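Peer 1: The structure follows.
The values are calculated or read from the model by the stated rules, or taken from the named source; none is laboratory data. Every value quoted in this text rests on a predicted model; they were computed, and no experiment measured them. Note that we place each Cβ from the backbone using ideal geometry, even for glycine, and neighbour counts take in every protein chain shown. These accessible areas exclude ligands, DNA and RNA; they are computed on the full protein's heavy atoms, side chains included. Shrake-Rupley method; radii C 1.70, N 1.55, O 1.52, S 1.80 Å.
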Amino acid sequence: VQLQASGGGLVQAGESLRLSCVATGGSFTNYNMAWYRQAPGKQRELVATVDSARATNIVDSVKGRFSISRDNARNTVDLQMNSLKPEDTAVYYCNAKYLWRVFWGPGTQVTVSS
């Protein structure tokens, strides 16, 4: 599976962005999908997941502001980010998992100015 994320950019605090990740190759419907992020000088951290049954999980730090969804017809997984804060600034990565297989996309930069 190859993953390509898009939708990052520079926004002001309080604004919204929608990230999209398209997967090519493999059977997208079987994959558990996730978004991670890595801020400068910090470890990569999980942001949100959506599994093959469309069950979602959002980490506490962004709960109520971020949501994740998938479109199996388009092989995409989106991350809707609302009420962005400067601390959301990071490179955001799309992730796919199926059994022992794990795939990463190249990441997209999100910068939130105060």
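Peer 1: What is the Cα coordinate range of the stretch 42-101 on the first, second and third principal axes, sorted by size from largest, in whole angstrom?
Peer 2: Reported extents, whole Å, longest axis first: 33, 23, 19.
Peer 1: Rg/Rh for the chain: what does it come to with C-alpha atoms and Rh from Kirkwood?
Peer 2: 0.95
Peer 1: Can you list the lysines whose alpha carbon sits under 18 Å from that of Lys42, skipping same-chain ones fewer than 8 residues off?
Peer 2: Excluding near neighbours in sequence, the set is Lys85.
Peer 1: Whole number in Å², please: accessible area per residue of the chain, 1.4 Å probe, ligands, DNA and RNA not counted. Please list the in-between numbers first.
Peer 2: On the way: 5980 Å² over 114 residues.
Per-residue accessible area for the chain comes out at 52 Å².
Peer 1: I'd like the carbon and sulfur percentage of the solvent accessible area for the chain, probe radius 1.4 Å, heavy atoms only, ligands and nucleic acids excluded.
Peer 2: After summing per-atom areas, the C and S share lands at 47 percent.
Peer 1: Also, I was wondering about something else. Give the residue from Gln38, Val110, Ser27 lying farthest towards the positive end of the charge dipole for the stretch 23-114; charges sit on Cβ (+1 for Lys and Arg, -1 for Asp and Glu) and the dipole is referred to the Cα centre.
Peer 2: With unit charges placed on the Cβ atoms, the residue in question is Ser27.
Peer 1: Another question, if that's okay. Quick one: 3J(HN,Hα) in Hz for the stretch 107-114, Karplus 6.51/-1.76/1.60 with θ = phi - 60°, rounded, Gly and Pro as x.
Peer 2: Running phi through 6.51 cos²θ - 1.76 cosθ + 1.60 with θ = phi - 60° gives x, 9, 7, 10, 10, 10, 8, 8 Hz.
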